[in-house]
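A.B. asks: I'd like to ask you about the structure that follows.
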Amino acid sequence: MAKPVVSLDQVTIRFAGDSGDGMQLTGDRFTMDTASLGNDLSTLPNYPAEIRAPQGTLPGVSSFQLHFADHMIKTPGDAPDILVAMNPAALKANIKDLPRGATIIVDLDEFSTRNLSKVGYETNPLEDGTLDSYKVHAVGLTSLTVAALSELSLTRKEAERSKNMFALGLLSWMYHRPTEATENFLKAKFGKKPDILAANLLAYKTGWNYGETTEDFAVSYEIAPAKMPAGVYRNISGNVALAYGLIAASQQSGLKLFLGSYPITPASDILHELSKHKKFGVITFQAEDEIAAIGAALGASYGGALGITTTSGPGLALKSETIGLGVMLELPLIIIDVQRGGPSTGLPTKTEQADLLQAMYGRNGESPVVVLAPATPNDCFEIAMEAARIATTYRVPVMLLSDGYIANGSEPWKIPDVSTLPDLSVEFAKPQEDFLPYLRDTKTLARPWAIPGTKGLEHRIGGVEKADKTGAISYDPVNHDLMVRARAAKVAGVEVPDLVVDDPQGNAEVLLLGWGSTYGPIAAAVESLRANGENIAQAHLRYINPFPKNLGKVLEKYSKVIVPEMNLGQLSMLLRSQYLKDIIGYNMVRGLPFTTAEIMEAAMEVLHD
Amino acid sequence: MTEITLTKKDFTSDQEVKWCPGCGDYSILSTVQSYLPELGVPRENVVFISGIGCSSRFPYYLNTYGMHSIHGRAPTIASGLAISRPDLSVFVITGDGDSLSIGGNHLIHALRRNVNLKILLFNNRIYGLTKGQYSPTSEQGKVTKSTPLGSLDTPFNPISLAIGAEASFVARSIDSDRKHLTEVLRAASAHKGSALIEIYQNCPIFNDGAFDSLKDNETKEGALLKMVHGEPIKSATHGLVHAGSSLKLVELGSVAESDLVVHDVHNPDPSYAFALSRFSNSKLDHVPVGIFRDVERAEYGSQVNGQISDIIAAQGAGDLKTLLTSGDTWTVA
Ligand SMILES: Cc1ncc(C[n+]2csc(CCOP(=O)(O)OP(=O)(O)O)c2C)c(N)n1
Ligand code: SF4
Ligand SMILES: [Mg+2]
């Protein structure tokens, strides 16, 4: 008899296991299958800084959370409805995030006395009543997998390794996910290792069948596709979207893409991604350190390429002096900082927004740069092109502040029609008499981009202050004052779109204002608050330097402005100093994105104080 | 190819040269300006990139493209430029502090990669611009403002360091010997890949006479061990002979001329050039000058660009639409 099917409007699943258990892959596959079914979704990978912390310990737990729904959603979900815990450590590390009534699937085989004591469980939580308020399915994931693969000529260890595919199969049955894409993925991945391929496919299938046939799982669930605008979609993470945006910028500008980078979490994937696309003429240069990486990018820009460097906080610190040189040389340069927890090494794999002031001011002298921040993984594509537009039009370093949450999180992306992408073509200085390398364009205040190889434009530039127009070395006090102001005016005059405020009733008193990756939880909170009858406005800054021209007016309009940030109030400080507006900061630095509930609570306090 | 007839004047900028009177940088500048027409590269395709230091003012005085960058980082900027613009001739101008203290890391990595850069290291064995502190090439015991009791650090031997960093071309010359420096520049330009040229440079203000033993008529013939490809390595008084796997300095009369080491700049074994480099000690009584090593090795930029052209030849140039729609996609009607 067929089992009953229950319809849900949304689900949040968390896969958790040892970092060697393949949880990120399992999560990725479930995500792809979910995306192809047409649900809206949002993901949050969370992995330890150590590649392989000791097996079965709390520091070694890696997890992947996925929120999917039959409607548009903004976040990876506050709390999981269902937790898959591959061992006691994964259970212990994640149980606190689980609301009562949630479902837990554990690998029963891993709950040995030894493994339990490794993480400080004195008694077995599966037996001592601790989990009474949850729906627990204790399944012998390991033993069932090994038994299913007994016909194959594999060692026990090799067979055990497929248990994540058993879990994936089981969950795929529970939520009616299609299987072809994952089967094809496995075939592509293990095509050259027939034994391993067979093991994975069989474990996957066995997991599915286990759900369908055993009595342990009585119902399965259906989540209808979300209504999304028509188009072709794919799932995309922020780092991949940035890489694609940079390639698009290179294509749309006709400039060679040159990336100088030094590996650092969570920015390395941009380097990896761009390195795959050499057929776009992309040059990726893995330098000896971050200083060399940005130096090479600047050198390439000088030569007429689209010079880019990617890093995270500690690397940005090393790049400061060269960014200052870029300010002085007035050459295009894109600096991408995928922020992580700091200071120092901080929390390398966790997210934070605490590099904002470093981006704005972390250099000697008056050294303004443009600062942009993408709001979502999708937004990374567009903002990369924006960074290129501004850098090449105004000949300035542009800082792009992503963070670990956007970088690794993913969501469906409506693939843009290539013919609608902006024209980013640039003009280099042409051969001319009496060339003046520091003669500014009257509109943009940009100086000419005169690249080596152009006859008759031979000139010298450098970090020593330059005389207006001629670019000769100048120690003249009046000239220095003029040039400092000119560089500041150029950045201040960068054209950016006005801030759009979402205030449906037009008379809200309270504004929730965010920047960067807090967009998701803020938007989700605003949606829920309004559903509860609250009147609240929302706006999100993608341009931080310069701020949108209407920002002052917007701030004036609202009696209370709440700014949630994953730092101790850095945007708040900028807003207060520039607009003399009192800002209500809502600040947390736990290495995790805000939950929707937290922002709702913070807003409620202000709405009803 | 069109004949390019440029002169020294064409390579001289309108900027007033501002080194101290008698500074060795003047003669190096003059030699380079005189040499550049011979390089045969259009002026607009020549780029000089420097770091910070007295010597790093050099690009301002040349009427080519130039960048006076930041302390120690010139090799990084020059690498990005040379890799992305293989049509250019890129020179790096650096001092002993610039290249061996703050920029030591970049120097060794540029050399190991073999980026097509000609690196002119002006070694005055002192920090000139910051007014006379000891440098990483200063002899031990050097008394300066920052080391009133004498410096303690063991100096770097820039040639040994470069050879250790897998450099494919390494040479040494002297500021005042224009003919010799020109020959070395010529060979460096002909070399594909990075070339490091250490140039002993006098700083009359803070380290005057540091290289006098190599310049005074009385001592120089005995002190300069001249390295010429295919000829025995010797000074007026001494020569080098093989001693096991190493080299030994002997008085000329003590061995037969035929026992002297015949110089081979293309010797693939770096330990040969390394052994030669060890004869330059702090006292500068026996100093090899000339080209230590000039071996063929794949140039970095052409390899980088080769990977790109190979993949385009094999798969065609990238198409943005194809890229964006790659992987698992689905359609919402
Ligand atoms: C980041 C940084 N640190 C320190 C300095 C100060 N500084 C300028 S040049 C120099 C040393 C120069 O010595 P060298 O490279 O030997 O050049 P020289 O002046 O002797 O030609 C120092 C320490 C600087 N400009 N930048
Ligand atoms: S201080 Fe020395 S190195 Fe610098 S310009 Fe004067 S003489 Fe030359
Ligand atoms: Mg010096």
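Computed from the coordinates by the stated procedures, all read-outs in this text should not be read as laboratory data. Here the structure is a predicted model, which means the values were calculated and not measured. Every residue, glycine as well, gets a Cβ built from its backbone with ideal geometry; the counts of neighbours run over all protein chains shown.
A.B. asks: Order these peptides, B:309-316, B:24-31, by their mean beta-carbon neighbour count within 10 angstrom, highest first. Intermediate values should be presented prior to the final figure.
C.D. replies: Working: B:309-316: 11.9, B:24-31: 21.4.
Answer by packing, highest mean first, reads B:24-31, B:309-316.
A.B. asks: Can you compute the modelled spin-label distance between B:ASP208 and A:LYS157, with each label point 7 Å from Cα toward Cβ, in nm?
C.D. replies: My value for the distance between the label points is 7.3 nm.
A.B. asks: Quick one: net charge of A:PRO332's neighbours, Cβ under 12 Å, K/R +1, D/E -1?
C.D. replies: Details: positive: A:ARG389, A:ARG395, A:ARG447; negative: A:GLU330.
Net charge in that neighbourhood comes out at +2.
A.B. asks: Considering only region B:168-324, what is the antiparallel percent among its DSSP beta bridges, to the nearest 5? Please report the intermediate quantities before stating the final value.
C.D. replies: Values: 15 of 24 bridges.
The antiparallel fraction comes to roughly 60 percent.
A.B. asks: Something else: I need the peptides A:573-585, B:177-189 ranked by packing, meaning the mean over residues of other C-beta atoms within 10 angstrom, with the highest value on top. Kindly include the intermediate steps, with their values, before the conclusion.
C.D. replies: On the way: A:573-585: 16.4, B:177-189: 18.8.
Result, highest mean first: B:177-189, A:573-585.
A.B. asks: Hey, another quick one. Tell me the net charge near A:ILE522. Cut-off is 11 Å between Cβ atoms, A:ILE522 excluded, with +1 for each Lys or Arg and -1 for each Asp or Glu.
C.D. replies: -3
A.B. asks: In region A:1-154, what % of DSSP beta bridges are antiparallel (nearest 5)? Write down the numbers at each step before the final one.
C.D. replies: Numbers: 16 of 29 bridges.
Among the beta bridges of region A:1-154, antiparallel pairing accounts for roughly 55 percent.
A.B. asks: Apply the Kirkwood formula to region B:1-155: the hydrodynamic radius equals the inverse of the mean of 1/r over all pairs of different alpha-carbon atoms; give it in Å with one decimal. Provide the component values of the computation, followed by the final result.
C.D. replies: Numbers: mean 1/r = 0.0613 Å⁻¹.
Every distinct Cα pair counted, the radius reaches 16.3 Å.
A.B. asks: Next question, about the same structure. I need the calculated FRET efficiency for the pair B:HIS229 and A:GLN286, taking r as the beta carbon distance and R₀ as 25 Å, to the nearest 0.05. Can you show the working numbers first?
C.D. replies: Working: r = 36 Å, r/R0 = 1.43.
Using R0 = 25 Å, I get an efficiency of 0.10.
A.B. asks: Can you list the residues, at least 5 places off or on another chain, whose amide H is less than 5 Å from the amide H of A:ASN235, using H built in the peptide plane?
C.D. replies: A:TRP413
A.B. asks: Compute the separation of the alpha-carbon centres of region A:330-366 and region A:521-568 and state it in Å as a whole number.
C.D. replies: 23 Å
A.B. asks: Just going by the charge dipole of chain A, with Lys and Arg at +1 and Asp and Glu at -1 on Cβ, which of A:MET588, A:ALA391, A:ALA147 is farthest out on the positive end?
C.D. replies: Sorting the options by dipole projection puts first A:ALA391.
A.B. asks: What are the GluC sites (Glu not before Pro) within region A:366-474 that DSSP puts in a loop, where the Cβ has at most 11 other Cβ atoms within 10 Å?
C.D. replies: Taking region A:366-474 and a limit of 11 other Cβ atoms within 10 Å, the loop GluC sites (Glu not before Pro) found are A:GLU427, A:GLU433.
A.B. asks: Rank the residues B:VAL47, A:VAL11 as a footprinting-exposure proxy: fewest other Cβ atoms within 10 Å of their Cβ go first. Kindly include the intermediate steps, with their values, before the conclusion.
C.D. replies: Working: B:VAL47 27, A:VAL11 22.
Fewest-to-most Cβ neighbours within 10 Å comes out as A:VAL11, B:VAL47.
A.B. asks: As an exercise, take the mean of 1/r over every pair of distinct alpha carbons in region A:1-121, invert it, and state the Kirkwood radius in angstroms. Can you show the working numbers first?
C.D. replies: Values: mean 1/r = 0.0666 Å⁻¹.
For region A:1-121, inverting the mean 1/r across all distinct Cα pairs yields 15.0 Å.
A.B. asks: Over region B:75-164, what lengths in whole Å, largest first, do the semi-axes of the equivalent ellipsoid take, defined as the square roots of 5 times the eigenvalues of the alpha-carbon gyration tensor?
C.D. replies: 29, 13, 9
A.B. asks: Taking H placed 1.01 Å from N in the peptide plane, check which residues at least 5 places from A:ILE104 or on another chain put their amide H under 5 Å from its amide H.
C.D. replies: Correct list: A:LEU83, A:LYS135, A:VAL136, A:HIS137.
A.B. asks: For peptide A:274-282, how many partner chain Cβ atoms fall within 10 Å of a residue's Cβ, on average?
C.D. replies: Working: counts 0, 0, 1, 3, 10, 13, 8, 8, 2.
So the per-residue partner count for this stretch is 5.
A.B. asks: Quick check on the exposure proxy: order A:LYS430, A:LYS443 from fewest to most C-beta atoms within 10 angstrom. It would help to have the intermediate numbers written out before the result.
C.D. replies: Values: A:LYS430 12, A:LYS443 9.
Fewest-to-most Cβ neighbours within 10 Å comes out as A:LYS443, A:LYS430.
A.B. asks: Follow-up. Whose amide H sits under 5 Å from the amide H of A:GLY462, counting only residues 5 or more places off or on another chain, with H placed in the peptide plane?
C.D. replies: Answer set, sorted by chain and number: B:HIS68.
A.B. asks: Using the eigenvalues of the Cα gyration tensor, what equivalent ellipsoid semi-axes result for region A:234-420 when each is taken as the square root of five times the eigenvalue, whole Å, largest first?
C.D. replies: 22, 20, 15
A.B. asks: Let's test the formula: R0 of 51 Å, r as the Cβ-Cβ distance of A:LEU318 and A:LYS443. What FRET efficiency results, to the nearest 0.05?
C.D. replies: Values: r = 35 Å, r/R0 = 0.68.
With a Förster radius of 51 Å, E is 0.90.
A.B. asks: Roughly how far apart, in whole Å, are the Cα centres of region A:375-391 and region A:21-68?
C.D. replies: 26 Å
A.B. asks: I would also like to ask the following. If you take the alpha carbon radius of gyration of region A:113-261 and divide it by 2.2 N^0.38 Å, what ratio comes out, to two decimals?
C.D. replies: On the way: Rg = 21.5 Å, N = 149, 2.2 N^0.38 = 14.7 Å.
Expressed relative to 2.2 N^0.38 Å, the Cα Rg reads 1.46.
A.B. asks: Still on this structure, I have one more. R0 = 51 Å: FRET efficiency of A:LEU108 with B:THR331, Cβ-based, nearest 0.05? Intermediate values should be presented prior to the final figure.
C.D. replies: Values: r = 41 Å, r/R0 = 0.81.
Efficiency at R0 = 51 Å is approximately 0.80.
A.B. asks: Only bridges whose two residues both fall in the protein assembly as shown count here: according to DSSP, what percent of them are antiparallel, nearest 5?
C.D. replies: Working: 50 of 135 bridges.
Bridges in the protein assembly as shown are about 35 percent antiparallel.
A.B. asks: Something else about it: Quick check: pseudo-label points 7 Å beyond the Cα along Cα→Cβ at B:HIS266 and B:ARG278, how many nm apart are they?
C.D. replies: Calculated label separation equals 2.7 nm.
A.B. asks: Also, I was wondering about something else. Among B:290-303, A:528-541, A:388-401, A:507-520, how do they line up by average Cβ neighbours within 10 Å per residue, starting with the highest?
C.D. replies: Output ranking for B:290-303, A:528-541, A:388-401, A:507-520: A:388-401, A:507-520, B:290-303, A:528-541.
A.B. asks: So which lysines can B:LYS131 reach, going by Cα to Cα under 16 Å and dropping same-chain residues fewer than 8 places off?
C.D. replies: Within reach: B:LYS18, B:LYS142, B:LYS145.
A.B. asks: Over chain B, what relative contact order in percent results from Cα pairs under 8 Å that are six or more residues apart?
C.D. replies: Details: 677 pairs, mean separation 49.7, N = 333.
It rounds to 15 percent for chain B.
A.B. asks: Take the alpha carbon atoms of region A:501-607, find their radius of gyration, then divide it by 2.2 N^0.38 Å using N residues; give the quotient. Spell out each step's value before the answer.
C.D. replies: On the way: Rg = 12.7 Å, N = 107, 2.2 N^0.38 = 13.0 Å.
Its radius of gyration relative to the 2.2 N^0.38 Å reference: 0.98.
A.B. asks: Which log10 I(q)/I(0) values does region A:5-223 give at q = 0.14, 0.15, 0.17, 0.18 Å⁻¹ under the Debye formula, counting every alpha carbon as one identical point scatterer?
C.D. replies: -0.83, -0.97, -1.27, -1.43
A.B. asks: Below 30 Å, Cα to Cα, which lysines can A:LYS189 reach? Residues fewer than 8 away in the same chain don't count.
C.D. replies: A:LYS157, A:LYS163, A:LYS205, A:LYS276, A:LYS278, A:LYS279, A:LYS350, A:LYS414, B:LYS321
A.B. asks: Net charge around A:ALA243, counting only other residues with Cβ within less than 11 Å of its Cβ (Lys, Arg = +1; Asp, Glu = -1)?
C.D. replies: Details: positive: A:LYS276; negative: A:ASP269, A:GLU273.
Once all neighbours under 11 Å are counted, the net charge is -1.
A.B. asks: P(r) for region A:248-349, please, calculated from all Cα pair distances in 10 Å bins and given in %.
C.D. replies: 17, 49, 29, 5
A.B. asks: Need one number: nm distance between label points at A:ALA224 and A:HIS272, each 7 Å from Cα along Cα→Cβ, rounded to one decimal.
C.D. replies: The modelled label-to-label distance comes out at 3.8 nm.
A.B. asks: Also, I was wondering about something else. Average partner chain C-beta neighbours within 10 Å, per residue of B:42-48?
C.D. replies: Values: counts 2, 3, 9, 5, 3, 6, 1.
The shielding value for this peptide is 4.
A.B. asks: Also, I was wondering about something else. Hey, fewest Cβ within 10 Å first, where do A:GLU183, B:GLU38 land in order?
C.D. replies: On the way: A:GLU183 15, B:GLU38 12.
Going from least to most buried by this count: B:GLU38, A:GLU183.
A.B. asks: Follow-up question, since we're still on this one. Calculate the mean, over all residues of peptide B:59-69, of how many other protein chain Cβ atoms lie within 10 angstrom of the residue's Cβ.
C.D. replies: 6
A.B. asks: Any idea what the relative contact order of chain A is, in percent, if you count C-alpha pairs under 8 Å spaced at least 6 apart? Spell out each step's value before the answer.
C.D. replies: Numbers: 1313 pairs, mean separation 72.2, N = 609.
Result for chain A is 12 percent.
A.B. asks: Grab the eigenvalues of the alpha-carbon gyration tensor for the protein assembly as shown, scale each by 5, take roots, and send me the semi-axes largest first in whole angstrom.
C.D. replies: Values: eigenvalues 698, 243, 121 Å².
Semi-axes (√(5λ), whole Å): 59, 35, 25.
A.B. asks: Hey, another quick one. Using alpha-carbon positions, what is the distance between the centroids of region B:264-333 and region B:179-249, in Å?
C.D. replies: First find each Cα centre; the distance between them is then 28 Å.
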